[in-house]
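**Q** What follows is a structure written as structure tokens; I'll ask about it next.
The values are calculated or read from the model by the stated rules, or taken from the named source; none is laboratory data. The shown structure was predicted, so the numbers you read here are calculated from the model rather than taken from an experiment. Quick reminder, even Gly has a Cβ in these numbers, built from the backbone with ideal geometry, and neighbours come from all protein chains shown. Side chains included, ligands, DNA and RNA excluded: accessible areas come from the protein's heavy atoms. Shrake-Rupley method; radii C 1.70, N 1.55, O 1.52, S 1.80 Å.
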Amino acid sequence: MTNVLVCIKRVPETSSEVRLTDDSMDIDAGYVGYTLSSHDECAIELASQIAEETKGTATALSVGSPDAAEQLRGAVALGCRGAILLEAELGQFGPVDIAAAIAAEVARRSDDGEEFDLILVGNDAADTGDFQVGVRLAYLLGRPVAMGISTVEIDGDRVMARGVAGAGTEIYSLPLPAVVAIQEGGVDPRYPSIPGRMRAKRMKIEQRPADVTPSGSGRVRLRRSAPKPSEVQILGEGPDAAAALVDVMYEIGVVPR
Amino acid sequence: MITVLAEVDGADVAETSLEALTFARTLAGGRGTSLGVVVIGIGETTDEIDDSAADSLARTFADYGATRVRFIGGPDVAAYCAAAYAAALVDAARQWQSDVVIASGTPRGTEMLAHAAVRLDAVMAANAVETLSDDPLVVSRQVMGGSILEDMRVDSPVAVLTVAGHAVEAAPAERGESSDSGRAAPEIERVEHRADPADLVMAMQRLEPTEQADTAALTGARVVVGAGRGVGGADEFDDVLELVDLLGGALGVSRVVTNLGWRPHHEQVGQTGSRISPDLYVACGISGAIQHLAGCSSARTIVAINSDADAPMVTNAQYAVIGDLHEIIPAVNEELRRRRG
């Protein structure tokens, strides 16, 4: 029986145009939708699979605004049985603070007799791209950690973690309890079932302020990358343009001789 | 001194590490300090890297401004273990009294520096692209998949930075650029690292090499042919793969292609896939979502083949051919075969 905590983050949907607030300190929430990053979606799937296979539990946790309840309910619809929201103004929180808030909650629950054997996090947050919450959390809890992992399976008192690296598949065997940072690519997130959606709708989310005084993210301001002016040269339409395209390939010297 | 972690393959230094060294040299120039380079995991003993390879690497690092080079080996770091590697890196940074530690933003560099940041009680800024001010240290870094930059104050006694791949062009030091650059023979140290047993529980157990999973071939390819939803199906890649073959390149696909199960994830280019910097990227049937552009915007030349002349992939390209890729690519393949005789 493996109890899994999966930590997720509500992030802006950045596939369309992103606007900044007037003080340039944040994304203007009025012009974007919110979602989970693909790493987090895969982490939820893996947490649900492990809970099902080991007859354990999967619990979702998010640090953020009350709006993150939407993403937590989404995780419940996908198989998590519990949801915890640690309320925080994310603009005041950096990765050190997020890790500290999660660690404090894990420790508090441990004191109450609730242990999480495995903690899954997304490899990095799709918005801030900090790449460090999982590692910082592991050090705070005194647990081993692996990053860039695509699949996990429980093998007795260890977790087998696999991740694709440059030269092949790297395999780690970590003693439980452990922290694993999940990278998209190992599993296909399931669609929520109707019973799952109903359960998510009824679910009471455990909600409390994050137990940390934030040290901040160091953000001075956000700004747009300088837009590159479009200088596209249309070589033509259809197969008649093939010769012009091959000319370009020869000009830049990429055709093998 | 600024400590830079370098990733090497034999006597070759990863291009992204040379970029990180170039970034670090600029920062060091502003601070009036020097550069030390650390290479970890050279084998079971510190002698496993032969003198000629060590000399070659040291010369390369010197060309990029390094005055000290430390090769770290030993049985405890023979296999990759982020915690043990980070401990070895931290040892070097402390002994060199470094107040900045830098690596490239590769999976290895990022993981090791996250561990190092905790051990040094340091603030870490991932995916930096430039330094905006030195005191206090403020860097600009990529967020939101690279579409937005965050100016970030890194105000701990030691700053830990990863440099976004291909955000900086690797360039050797010019003579006289700094007081130490261009030195012919940097000081070389060979150090055996003995790891804390607690760190070794995180060691990689084994590596299963698979040709199909060689993401290094994609990230290092001189030509990448990209394929998106416009290809139309898992069985519709023959023409694209032939173009890959004719150009001696690698196939890279959009996220929707992997989501649809047409191609495996390790071929994905984008924010959650590989970031590439080929001389030529031919994007076929790819609309050009921000997340995909984040992965391919460092290509030297982008050619889009797309039926929609207004697609972001087209407007972000240098050249485009408008039309059905299944008509255009066979004609391109035929033209390449014809010219090669």
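**Q** Give the separation of the Cα centroids, the range B:322-341 to the range B:119-142, in Å.
**A** Answer, in whole Å: 46.
**Q** Check which residues have an amide H placed less than 5 Å from A:Ala83's amide H, if you skip close sequence neighbours.
**A** Close amide H contacts, sequence-distant or interchain: A:Ala60, A:Glu206.
**Q** Projected area of chain A, taken from the Cα convex hull and averaged over every viewing direction, in nm²? Walk me through the intermediate numbers first.
**A** Details: hull surface 76.4 nm².
Result: 19.1 nm².
**Q** OK, next. Please report, for the Cα atoms of the protein assembly as shown, the Rg to one decimal and the Dmax as a whole number; what are they, in angstrom?
**A** Reported Rg and Dmax, both Å: 24.1, 76.
**Q** Let me ask you something else. Report, as a whole number in µm² per second, the diffusion coefficient that Stokes-Einstein gives for the range B:2-200 at 10 °C and 1.306 mPa s using the Kirkwood radius over alpha carbon pairs. Numbers along the way, then the final one.
**A** Numbers: Rh = 16.6 Å.
Here the translational diffusion coefficient equals 96 µm²/s.
**Q** Excluding B:Tyr281 itself, what net charge comes from residues whose Cβ is under 12 Å from its Cβ, given Lys and Arg +1 and Asp and Glu -1?
**A** Details: positive: B:Arg222, B:Arg275, B:Arg300; negative: B:Asp279.
Residues close to B:Tyr281 contribute a combined charge of +2.
**Q** Are there GluC sites (Glu not before Pro) in the range A:159-257 that DSSP puts in a loop and that have at most 10 other Cβ atoms within 10 Å, and which ones? Write down the numbers at each step before the final one.
**A** Numbers: sites: A:Glu170, A:Glu184, A:Glu206, A:Glu231, A:Glu237, A:Glu251; in loops: A:Glu184, A:Glu231.
Passing sites in the range A:159-257 are A:Glu231.
**Q** Which length gain, in nm to one decimal place, applies between A:Glu231 and A:Glu251 when the Cα-Cα distance is subtracted from 0.36 nm times their residue separation? Let's see the in-between values first.
**A** On the way: separation 20, 0.36 × 20 = 7.20 nm, distance 1.78 nm.
Separation in residues times 0.36 nm, less the Cα-Cα distance, equals 5.4 nm.
**Q** Using a 1.4 angstrom probe, figure out how much accessible area the range B:211-339 has per residue, in square angstrom, rounded to the nearest whole.
**A** On the way: 4880 Å² over 129 residues.
For the range B:211-339, the solvent-accessible area averages 38 Å² per residue.
**Q** In nm, to one decimal, how far is the modelled label at B:Asp238 from the one at A:Asp23, with both set 7 Å along Cα→Cβ?
**A** It is 6.1 nm.
**Q** Turning to a different aspect of this structure: Under the 0.36 nm per residue contour assumption, what length would be gained going from the current alpha-carbon distance of A:Asp211 and A:Arg197 to full extension?
**A** On the way: separation 14, 0.36 × 14 = 5.04 nm, distance 3.00 nm.
Result for the pair: 2.0 nm of gain on full extension.
**Q** With only alpha-carbon atoms in the gyration tensor, what are the semi-axes of the equivalent ellipsoid for the range B:1-79, in Å, largest first? Walk me through the intermediate numbers first.
**A** On the way: eigenvalues 105, 29, 23 Å².
Sorted largest first and rounded, they come to 23, 12, 11 Å.
**Q** 5 Å is the cut-off here: which amide hydrogens, built 1.01 Å from N in the peptide plane, fall below it relative to B:Ala159, excluding neighbours closer than 5 in sequence?
**A** Result for B:Ala159 returns B:Val100, B:Val101.
**Q** Please work out the FRET efficiency for the pair A:Arg224 and A:Asp67, using the Cβ-Cβ distance as r and a Förster radius of 35 Å; give the result to the nearest 0.05. List each step's numbers first, then the result.
**A** On the way: r = 24 Å, r/R0 = 0.70.
Rounded to the nearest 0.05, the efficiency is 0.90.
**Q** Using alpha carbons only, what's the Rg to Rh ratio of chain B with Rh from Kirkwood?
**A** Numbers: Rg = 21.7 Å, Rh = 21.4 Å.
Expressed as Rg/Rh, it is 1.01.
**Q** Going by amide H atoms built from the backbone, whose H comes under 5 Å of the H on B:Gln205, apart from near neighbours?
**A** A:Ile171, A:Tyr172, A:Ser173
**Q** While we're looking at this one, here's another question. Could you run the numbers on buried accessible area between B and A, total for both chains, 1.4 angstrom probe, in Å² to the nearest 100? Mind dumping the intermediate values first?
**A** Details: alone 16240 and 14700 Å², together 24490 Å².
It comes to approximately 6500 Å² buried between B and A.
**Q** Using each residue's phi in the range A:45-55, evaluate 6.51 cos²θ - 1.76 cosθ + 1.60 at θ = phi - 60° and report the 3J(HN,Hα) Karplus result to the nearest Hz, with x for Gly and Pro.
**A** 4, 5, 4, 5, 4, 5, 4, 5, 5, 9, 6
**Q** Normalised by the residues of the range A:130-242, what does the relative contact order come to in percent, with Cα pairs under 8 Å and at least six apart? Walk me through the numbers before you get to the answer.
**A** Working: 102 pairs, mean separation 21.9, N = 113.
In percent, rounded to a whole number, it is 19.
**Q** Also, I was wondering about something else. For the range B:139-147, what does the Karplus curve 6.51 cos²θ - 1.76 cosθ + 1.60, with θ = phi - 60°, yield as ³J(HN,Hα) per residue in whole Hz, taken in order and with x for Gly and Pro?
**A** Once θ is set to phi - 60°, the couplings for the range B:139-147 become 10, 9, 9, 6, 10, 6, x, x, 7 Hz.
**Q** Provide the per-residue ³J(HN,Hα) series for the range B:193-200, in order, calculated from phi with Karplus coefficients 6.51, -1.76, 1.60 and θ = phi - 60°, each as a whole number of Hz, with x at glycine and proline positions.
**A** So the Karplus estimates, Gly and Pro as x, are 9, 9, 8, 5, x, 4, 6, 6 Hz.
**Q** Rounded to the nearest 500, what is the protein assembly as shown's calculated 222 nm mean residue ellipticity when only DSSP H runs of at least 4 contribute -39500 (n - 2.57) each, over all residues? Don't skip to the end; give the middle numbers.
**A** Numbers: 17 runs with 179 residues, N = 598.
Calculated mean residue ellipticity at 222 nm is -9000 deg cm²/dmol.
**Q** Would you mind telling me the share, in percent, of accessible area of the protein assembly as shown contributed by carbon and sulfur at probe 1.4 angstrom? All intermediate terms of the calculation are to be shown ahead of the outcome.
**A** Working: 11320 of 24490 Å².
After summing per-atom areas, the C and S share lands at 46 percent.
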